Amino acid sequence: MEINIKKFVELGKTVRKDIINMLFCAGSGHPGGSLSCVELMVALYFKYLKHHSENPEWSERDMVVFSKGHVCPTLYSCLARSGYFPTDELDTLRQSCSRLQGHPSSVSELPGVEVATGSLGQGLSIASGMAIGFKLDKKDSKAYALLGDGELQSGQIWEAVMTAAQFKLNNLCAIVDNNKIQIDGFTEDIKSVEPLASKFKSFGWHVLEVDGHKYSEIFAAYDEFLAANLDKPTVIIAETIKGKGVSFMENKAGWHGKAPNSEEKELALQEIEEKDLGV
Amino acid sequence: MEKKATRFGYGEAIVELGKKNKNIVVLSADVTESTASHLFAKEFPERFFNVGISEQDLICEAAGLSLTGKIPFISAYSIFATGRAWEQIRNTVGYSHLNVKIVGTHAGLLVGPDGATHQALEDIALMRVIPNMKVVVPCDYIEAKKATELLAKDIGPAFLRLGRANMPIITNESCDFELGKAKIMKEGADATIFACGVMVSEALKAAEILAHEHISIEVVNIHTVKPIDRQAIVKFAMKTGAVVTAEEHQVSGGFGSAVLEVLTTSEDLTRFVPVEMVGMQDCFGESGLPYGLLAQYGLTDVEVVKAVKKVLQRKR
């Protein structure tokens, strides 16, 4: 394994273990979608994002909107491991008076969280508004929005898709964690959002398709977004597996919103430690 | 009496604000000219964004802009801005206390011929229940201008409720206007009318009619429905001992309800004060001439007079 990749594989393990521990402590939460976007977010937070954990309000920073806010364990882990707040605080997820709310909140003043999310379908519009703001100020900052495939059923997503194309927001990058499962089952069986790539293309977006559990492909996609001199927004459609890394959680709708018990937690942690994901 | 729609007060003020502050941006949803934001669009095309007929996106685009330090004013029909996008306003703008100004024009029956689907009669209720949200309902064109100026300086979410039709201009440039402060329009002793929006001028007309019958009416303009001026409401209710509320909105949940909430929970209200409410009585509007509809649905001076007489009978 390349040394470059190895660092991210280890970070991915750390984040996955954080997710499992957090959800176990909380006794509720969303493991499936948190685990499916680990590589995508580890690559973003630890390689591409322009940010300073010691100065969260840095005016030149990039901004990230976790539109699929229920996967905030991944966000919180990435922020803590970036130094935004002590990692001990991760154990307070979903508890009374915690800054780690069940869905991201800017009211609880957790550094690194730009805006409250969790009501699905709204985050792309918010990131699009940020991208417009950056352009007005002639800043080089980028806006990223993490979307789930299920939330693409929301009409507002496509309103924002059109707005971003209309305003040629080449500083906006949507990341679709296409794990193909929503609360009630497979997205395909409930209301199919496919074919995603051709949908986004026909709406005037630059489309990149990657294996969302392979760093080499993820890096190539972010590199292309940052290097491409286009007059359109970019979407990275990432093929992912819900619950990735914990075999008994993988591809199971039942693990969308359920915390592991003590035994399941130990099994999960052991499996995460043993497997090198992202290669 | 000179008449002008409140939407033009906003439209003119926002251009002047745009000249002074480059962070002011305006967003529209395909109703640019009718919301009077075309003046800003013409002057500052680079700071004007028309997102088309998509109010949910509109609210959240503005949210994103505010997060980069901009001061977005959203210009849209009130029914769609506050109704269709309510949950976006609640969860994204209100909860995160974002500096987004929602300017809802075409509020109330005064929309006229477009009919019930376009007449927002629930928007005060919808907006005032959202924590952090300020709600301002100017009584005329001049107040709309002043409200726009003050809201641009104020930090946090706000809803500015404006009308389509021309309304009498009943204040002047030198009148005081402070967010959250009630304003006495006419002093009186027998009953107090608390009103907002177009009903302030209807209340003043009612007071004139009643003066001929030697009934002395106090008219108080509550342009800021939230945060409401509790002190003034209690003081003026105690002074006359009889209250009428008047609004171009459903009587339940809106402005009148806000006044009642103050009166029923105030420790300083030490006597029984009967209240009558003028407003839409749990029904939808329809097509018609703006002021014809006000008369048809009981939102004119005549109905206010009736309500005053009724409340005076109940006064002990």
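Taken together, the values in this text are just the output of simple stated rules run on the coordinates, not laboratory data. Quick caveat: nothing in here was measured; it's all calculated off a predicted structure. Using ideal geometry, Cβ is built from the backbone for each residue, glycine included, and neighbour counts are taken over all protein chains shown.
Key figures
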item: Signed unit charges on C-beta, dipole axis of the stretch A:136-279, positive-most listed residue A:Ile218, A:Leu136, A:Ala268; result: A:Leu136
item: Positive dipole terminus of the stretch B:3-168, leading residue within B:Thr148, B:Ala29, B:Asn166 (C-beta point charges); result: B:Thr148
item: Simple spin-label estimate for B:Thr117 and A:Thr87 in nanometres, 7 Å along Cα-Cβ; result: 5.8 nm
item: Spacing of the two label points (7 Å from each Cα toward its C-beta) at B:Lys181 and B:Gln231, in nm; result: 1.0 nm
item: In sequence order, calculated HN-Hα J values of the stretch A:193-207 (Karplus, 6.51, -1.76, 1.60; Hz; x Gly/Pro); result: 9, 6, x, 5, 4, 6, 4, 4, 4, 5, 8, x, 9, 7, 10
item: Cβ crowding within 10 Å averaged over residues, with B:156-162, B:47-53, B:221-227 ranked highest first; result: B:156-162, B:221-227, B:47-53
item: Between the stretch A:38-94 and the stretch A:102-175, the alpha-carbon center distance in angstrom; result: 15 Å
item: Whole-Hz ³J(HN,Hα) from phi, Karplus 6.51 cos²θ - 1.76 cosθ + 1.60, for the stretch B:4-20, glycine and proline x; result: 7, 6, 5, 4, 6, x, 4, x, 6, 5, 5, 5, 4, 4, x, 5, 8
item: Long-range amide H partners of B:Asn50 with built H, under 5 Å; result: B:Ser28
item: Spacing of the two label points (7 Å from each Cα toward its C-beta) at A:Lys275 and A:Asp137, in nm; result: 4.1 nm
item: J(HN,Hα) series, the stretch B:76-85, from Karplus relation 6.51 cos²θ - 1.76 cosθ + 1.60, nearest Hz, glycine and proline x; result: 7, 5, 4, 4, 7, 5, 8, x, 5, 9
item: Histogram of C-alpha separations across the stretch A:3-274, 5 Å bin width, %; result: 1, 6, 14, 19, 20, 18, 13, 7, 2, 0, 0
item: Signed unit charges on C-beta, dipole axis of the protein assembly as shown, positive-most listed residue A:Ala43, B:Gly69, B:Ser201; result: B:Ser201
item: FRET efficiency for B:Lys20 and A:Val107, using Cβ-Cβ distance with R0 set to 30 Å, rounded to 0.05; result: 0.45
item: Contact order normalised by residue count of the stretch B:183-314, Cα under 8 Å, 6+ apart, percent; result: 29 percent
item: Euclidean distance between Cα centres, the stretch B:41-56 to the stretch B:215-291, Å; result: 36 Å
item: Shape box of the protein assembly as shown [Cα atoms, principal axes, largest first, Å]; result: 94, 51, 45
item: Number of partner chain Cβ atoms within 10 Å, mean per residue of B:42-51; result: 2
item: Restraint check, A:Lys7/A:Lys68; A:Lys244/A:Lys265; B:Lys145/B:Lys235; B:Lys42/B:Lys145, Cα-Cα greater than 23 Å; result: A:Lys7/A:Lys68; B:Lys145/B:Lys235
item: Net charge dipole size for the stretch B:47-131 [Lys, Arg +1 and Asp, Glu -1 on Cβ; Debye, nearest 20]; result: 300 debye
item: A:Glu2-A:Phe46 FRET efficiency (beta carbon distance; Förster radius 22 Å; 0.05 resolution); result: 0.90
item: Nonlocal amide H pairs with A:Asn179, under 5 Å, H built at 1.01 Å; result: A:Asp149, A:Thr240
item: Cβ charges +1 (Lys, Arg) and -1 (Asp, Glu), total dipole of the stretch A:3-274, debye; result: 460 debye
item: Over the stretch A:88-206, volume per residue of the alpha carbon convex hull, in Å³; result: 127 Å³
item: Rounded to 10°, Cα long-axis angle of helix B:301-314 versus longest principal axis of chain B; result: 50 degrees
item: For B:Val135, residues with placed amide H under 5 Å, excluding near neighbours; result: B:Phe159, B:Val225, B:Lys226
item: Computed magnitude of the charge dipole of the stretch B:183-314 (debye, nearest 20; Cβ of K, R +1, Cβ of D, E -1); result: 280 debye
item: Percent of beta bridges antiparallel (DSSP, chain B, rounded to nearest 5); result: 15 percent
item: Inter-part distance where the stretch B:141-179 and the stretch A:262-279 are each reduced to a Cα centre, Å; result: 60 Å
item: Estimated [θ] at 222 nm from DSSP helical runs (n ≥ 4, -39500 (n - 2.57)) normalised by residues in chain A, nearest 500; result: -12000 deg cm²/dmol
